[in-house]
Structure formats: C-alpha cells, structure tokens
Amino acid sequence: MKTDIKTREDIFLLVSTFYRKVKNDDLLSPFFNDTINDWDLHLKQLTTFWESSLFLKTRYVGNPVEAHIKFDAMHNNSISEVHFGIWLNLWIETIDELFEGDYEENAKQ
C-alpha cells in the first residue's frame, strides 16, 4: 500500500529513484551524466529543494531558474520540449509508482 510523501526520507527516495531513471534514459542521460560531477551532493540539494517546496519546512538556497538556464546553455541550448516531456513523464511516473496523497499530487504540479 502506498502512502503520501511525509518526510525528507520520502523525498530522497523520490529524487534518487527518479534520477536513477534519468541517468539511464538514452536521450536525457548525456545531459546529466556529462554535467553533474557529484551526484550525492546534487541529490541532497534536490531533496532540500523539494522539502522546501512541499513542506515549507527548510529553506532552499539557490535559483532553480538560473541553474536550468545555465544548464541549457552548457549544452548549446539544445534542450527541447521533447527532453522536458520525457523528464516530466519520468517524474510523474516515479511519483505514481511510490506515493499517493495530497503531497504526491502537489509534487506532480
């Protein structure tokens, strides 16, 4: 039986499961595997971002929009709506596999 996203550990499970899929996706993996040098740190930062976004419990320090603009620029602005669609589908698929409830729905929005 699935439960809702309730803790930082739940968020870490979501983020780490999702990025395991991203790292293995033929279209997405080159962007991420060639850019992210410290996956442990990246997953920790993303966990904090989502904990802040979902629970308003911690303070995320960073600018996600700026980070994504730089990320795209590093790849010659080649990230397209197709890439984003695959990313989004994997995100929703992972959430649905692991959780159900109000926070789960918020994470999909």
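The residue that is modelled with the lowest pLDDT, counting only those in region 53-71 that are surrounded by 14 or more Cβ atoms within 10 Å (Cβ to Cβ), within 16 Å of the chain's Cα centre (by Cα) and not hydrophobic (A, V, I, L, M, F, W, C), is TYR60. When region 5-56 is filtered for residues that are in contact with a Leu (Cβ under 8 Å, 6 or more places away or on another chain), β-branched (Val, Ile, Thr) and more than 16 Å from HIS68 (Cα to Cα), the ones remaining, listed by number, are ILE5, ILE11, VAL15, THR17.
Evaluation of MET1 against the conditions (1) more than 20 Å from ALA107 (Cβ to Cβ); (2) exposed (fewer than 11 other Cβ atoms within 10 Å of the Cβ) shows that the sole unmet condition is (1). Return the pair list, or none, for Cβ contacts closer than 8 Å from residues in region 28-51 that are under 16 Å from GLU9 (Cβ atoms) to residues that are surrounded by fewer than 19 Cβ atoms within 10 Å (Cβ to Cβ) and of a type in the set (Val, Ile, Thr), at least 6 apart or on different chains. Once the first residue is under 16 Å from GLU9 (Cβ atoms) and sits in region 28-51, its partners that are surrounded by fewer than 19 Cβ atoms within 10 Å (Cβ to Cβ) and of a type in the set (Val, Ile, Thr) give THR48/THR58; GLU51/THR58. There is no residue in region 72-84 that is among the aromatic types (Phe, Trp, Tyr) and in contact with a helix residue (DSSP H, G or I) (Cβ under 8 Å, 6 or more places away or on another chain).
Please go through region 35-52 and give me each residue that is surrounded by 13 or more Cβ atoms within 10 Å (Cβ to Cβ), of a type in the set (S, T, N, Q) and in contact with a helix residue (DSSP H, G or I) (Cβ under 8 Å, 6 or more places away or on another chain), ordered by number.
THR47
The values are calculated or read from the model by the stated rules, or taken from the named source; none is laboratory data. Remember, it's a predicted structure, so these values are computed and weren't measured experimentally. As a convention, Cβ positions derive from the backbone with ideal geometry for all residues, glycine included, and neighbour counts pool all protein chains shown.
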